[in-house]
Amino acid sequence: MTHTLADTIAEVNHVFAPDRREGQVCAFVFHRLSQLHEHFDSVTLGSVAIELGWADDREGATAIARALDYLAYGTVPLLERRFQLWSQHQTGEVLEAPVCELSDADIRSALETQSLIDPSTGESVADFLNRVQVVYVVTPLAHELAAKERADS
């Protein structure tokens, strides 16, 4: 298992060369982690696209998803993919919270049946594809590796 952030970055760079778009996404995540430390808690596909200037770029969106999934499911889990269901009537409030979190199984079933059942109400959710957001949460391991690197510097 990798024990330092530098080792993890080197491993990721072996999978996604730094000049590839996926490598740029990973570099962005590593930069944010080292810059914001424990205040860096999550990213979304959209937030990364905006930060990298790829908001209207389909190939960029694919690279972002591929890179974030690798950081979540690769050999060193730096991110954890989660799904959040948002209210149909979002107010735009800064502190607005999702209705609930959904599991991989919930999403897989909804995609297969084209129907999502809200776990908190038991009701069918119309237009669920527009109300579910994918969020990648920074894992405790990622924060531990970043803190260790800071301490060693």
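The values are calculated or read from the model by the stated rules, or taken from the named source; none is laboratory data. Model, not experiment: these values are computed from the prediction. Methodologically, a virtual Cβ is constructed for each residue, glycine included, from the backbone with ideal geometry; neighbour enumeration extends over all protein chains shown. Heads up: the accessible areas ignore ligands, DNA and RNA and are worked out on the full protein's heavy atoms, side chains in. Shrake-Rupley method; radii C 1.70, N 1.55, O 1.52, S 1.80 Å.
Quick check on this structure: which one of Arg58, Arg66, Arg108 is in the same structural domain as Phe128 (by the TED database) and more than 10 Å from the chain's Cα centre (by Cα)? Before the answer, list the steps.
Values: Arg58 fails: in the same structural domain as Phe128 (by the TED database); Arg66 fails: in the same structural domain as Phe128 (by the TED database).
The unique qualifying residue is Arg108.
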| request: Run down Glu80, Glu101 and say which single residue is closer than 21 Å to Ile50 by Cα, within 19 Å of the chain's Cα centre (by Cα) and open to solvent by 50 Å² or more (accessible area, probe 1.4 Å). | output: Glu80
| task | Take the stretch 4-23 and flag every residue that is in contact (Cβ under 8 Å) with a residue 40 or more places away in the chain and either open to solvent by 70 Å² or more (accessible area, probe 1.4 Å) or within 19 Å of Ala55 (Cβ to Cβ) (or both). | result | Arg20, Arg21, Glu22
| remark: Among helices (runs of 4 or more DSSP H) entirely inside the stretch 13-89, those with 1 or more residues being more than 27 Å from Glu101 (Cβ to Cβ) are 21-36, 58-73
| In the stretch 24-58, what residues are among the hydrophobic types (A, V, I, L, M, F, W, C), open to solvent by less than 60 Å² (accessible area, probe 1.4 Å) and either without any contact (Cβ under 8 Å) to a residue 40 or more places away in the chain or over 18 Å from Asp69 (Cα atoms) (or both)? | Ala27, Phe28, Phe30, Val48, Ala49, Leu52, Trp54
| request: Among the residues of the stretch 93-123, write down those that are part of a helix (DSSP H, G or I), β-branched (Val, Ile, Thr) and free of Cβ contacts under 8 Å to residues at least 12 places away in the same chain. | output: Thr113
| request: Could you list, in sequence order, all residues of the stretch 124-151 that are part of a helix (DSSP H, G or I) and in contact (Cβ under 8 Å) with a residue 40 or more places away in the chain? | output: Phe128, Arg131, Leu141, Ala142, His143, Leu145, Ala146, Ala147, Lys148, Glu149, Arg150
